[in-house]
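As structure tokens, the structure follows; a few thoughts come after it.
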Amino acid sequence: MKKHFILFLFVGALALNGQKSVSLAAVDWINAGPMLGYVHMKEAHLWIQTKKAAKVSLKYRVEGAPSWSTTPSIETQWHTAFTAKFILDDVLPGRTYEYRVLINGNEVSFGEPLKFKTLTDWRFRQDPPEFTILAGSCSYFNEESADRPGKPYGGDYQIFEHMADMKADLMLWLGDNVYTRPVDYGSRRGFLHRYTSDRSYPQLQRFLRTCSHIAIWDDHDFGPNDANGSYVGKPWAHEAFRLFWANPPFVNFGCEQSTASALEFNDVHIFLLDNRSFRTEVMNNGKDQIFGREQLDWLINNLKYSDAPFKLVCAGGQILSDAKVFENFAKYEQERAYLLRRIEEENIKGVIFLTGDRHHSEICVMKNGKGNILYDITTSPLTSGAVTKKVEDNSFRLPGSLIQQRNFVALKFFGPSKNRTLEITYYDSDGQKIFSHTIKEKE
């Protein structure tokens with residue numbers, strides 16, 4: 001009897017010293033995630049949010065390898081909405097990694113394997129890989145206490161389950177990813193609450209774990225409807241965006257913060273524009289702007305340098321549509337003319353704008369004076385209300401591409417080097433195909 005008692009004490013001491021762990025249920029500790037953010041060949045960023053203060057760490061390894069790498073622990077705190085971001089830098093190109101989440105030293109069970117893949121070092125070795133990027137905008141998540149009375153504005157959250165089923169490589173969130181309400185945008189805590197509430201939706205969780213997620217913002221992430229750069233809560237908006245997304249490094253213009261950034265994803269270059277921080281109203285003095293000259297020159301410089309066959313430029317609102325309505329770029333005539341003129345002057349090929357905001361989807365096609373074709377792929381909404389009434393005239397709309405229901409778009413890139421193909425397919429909330437269009441690199 002005495003020996004058994006001593007053994008019991010020894011096992012208890014091991015547990016207290018952290019050498020024996022138990023499995024924790026994710027539902028008890030995790031509000032959202034884990035979510036893979038920016039990923040490249042030798043680095044991957046992972047985001048997670050706990051429900052309460054906790055010491056969080058990750059361990060990861062090449063799938064099936066005998067040993068693990070472990071990240072330093074991060075203690076999640078109330079002040080930063082219990083969020084944590086990890087940089088996994090003990091990785092190599094083109095490998096699949098499995099990982100585990102540890103809370104206070106104990107593994108968390110999510111009911112499925114957690115994995116991510118680093119980008120392949122394909123240049124000078126092989127053709128670019130085949131891959132798929134999803135995109136969407138306008139995600140309204142109902143919260144009865146903060147919503148307007150009446151019929152809920154959000155719905156069809158099963159769309160995220162179908163997006164997860166596609167097992168894409170990257171998701172581009174094109175703005176209005178959260179919808180701040182009047183109760184939110186007057187305080188820092190309001191912003192943190194809105195992101196926390198929206199990000200916690202159960203239908204979203206598996207999708208957050210299936211691929212890399214990168215975001216831009218639009219007015220509802222930024223503050224009040226149609227808000228511009230004069231909005232007094234801009235610092236709160238910037239802080240919340242940085243806390244809840246794991247984007248590549250942000251670019252600041254002058255002394256002003258921005259959410260602009262860029263990344264390479266296989267043989268596609270992606271540019272993330274900030275359409276809020278520098279925005280003005282449409283002014284009578286002709287100095288109105290959405291992006292500002294410095295940001296546009298940064299974009300042109302990057303586009304000129306890029307050798308990618310397809311250059312994706314992500315912006316919250318439509319760029320090519322000539323309908324001068326709502327917040328379309330067409331209302332900002334001088335700045336729009338400057339951007340399109342500079343793309344033409346520099347003979348930049350392969351420019352495809354990815355845009356949201358409009359609560360309908362369509363593809364715009366424009367040929368410039370150098371004979372280069374520009375595209376604007378608009379996808380909206382994911383779960384907010386769709387516009388079903390007659391949509392404005394747009395002379396650049398690709399016939400048949402207008403969609404007036406909840407949807408997302410899949411961009412599939414494939415084919416040999418120098419002869420790549422982009423297949424654009426829109427899907428409805430139940431994962432059914434709505435419209436497809438194909439673009440050849442040689443166009």
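The values are calculated or read from the model by the stated rules, or taken from the named source; none is laboratory data. On a predicted model such as this, the values are computed, not experimentally measured, just so you know. Note that we place each Cβ from the backbone using ideal geometry, even for glycine, and neighbour counts take in every protein chain shown. Quick note on the areas: whole protein, heavy atoms, side chains included, nothing else; ligands and nucleic acids left out. Shrake-Rupley method; radii C 1.70, N 1.55, O 1.52, S 1.80 Å.
Figures for the structure shown
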read-out	value
Residue in the stretch 115-123 that is open to solvent by 30 Å² or more (accessible area, probe 1.4 Å) and in a strand (DSSP E or B) present	yes
Residues of the stretch 207-245 that turn out to be hydrophobic (A, V, I, L, M, F, W, C), assigned to a loop (DSSP other than H, G, I, E, B) and closer than 14 Å to ASN177 by Cα, as a count	2
Unmet criterion (only one of (1) closer than 25 Å to ILE48 by Cβ; (2) assigned to a loop (DSSP other than H, G, I, E, B)) for VAL183	(1)
Residues within the stretch 378-404 that are in contact with a strand residue (DSSP E or B) (Cβ under 6 Å, 6 or more places away or on another chain) and either over 30 Å from LYS151 (Cα atoms) or open to solvent by 50 Å² or more (accessible area, probe 1.4 Å) (or both), tallied	4
Subset of the stretch 272-300 [of a type outside the set (Gly, Ala, Ser) and either more than 23 Å from the chain's Cα centre (by Cα) or within 20 Å of GLU443 (Cβ to Cβ) (or both)]	THR280, GLU281, VAL282, MET283, ASN284, ASN285, LYS287, ASP288, GLN289, ARG293, GLU294, ASP297
Extreme residue, surrounded by the fewest Cβ atoms within 10 Å (Cβ to Cβ), among residues of the stretch 160-180 that are in a helix (DSSP H, G or I) and in contact with a helix residue (DSSP H, G or I) (Cβ under 8 Å, 6 or more places away or on another chain)	GLU161
Count of the stretch 67-112 residues which are among the acidic types (Asp, Glu), in a strand (DSSP E or B), open to solvent by 30 Å² or more (accessible area, probe 1.4 Å) and without any contact (Cβ under 8 Å) to a residue 60 or more places away in the chain	1
Test set (1) modelled with pLDDT under 95; (2) of a type in the set (Lys, Arg); (3) open to solvent by less than 30 Å² (accessible area, probe 1.4 Å) - ARG420 fails condition number	(1)
The stretch 279-303, subset among the β-branched types (Val, Ile, Thr) and assigned to a loop (DSSP other than H, G, I, E, B), residue nearest to PRO224 (Cα to Cα)	THR280
Residue satisfying condition, being closer than 22 Å to LYS412 by Cα and more than 19 Å from the chain's Cα centre (by Cα), within set VAL325, VAL313, VAL365	VAL365
Tabulated pairs, the stretch 252-280, first free of Cβ contacts under 8 Å to residues at least 40 places away in the same chain, second charged (D, E, K, R) and part of a loop (DSSP other than H, G, I, E, B), C-beta under 7 angstrom, 6+ apart or interchain	SER258/ASP274; ALA260/ASP274
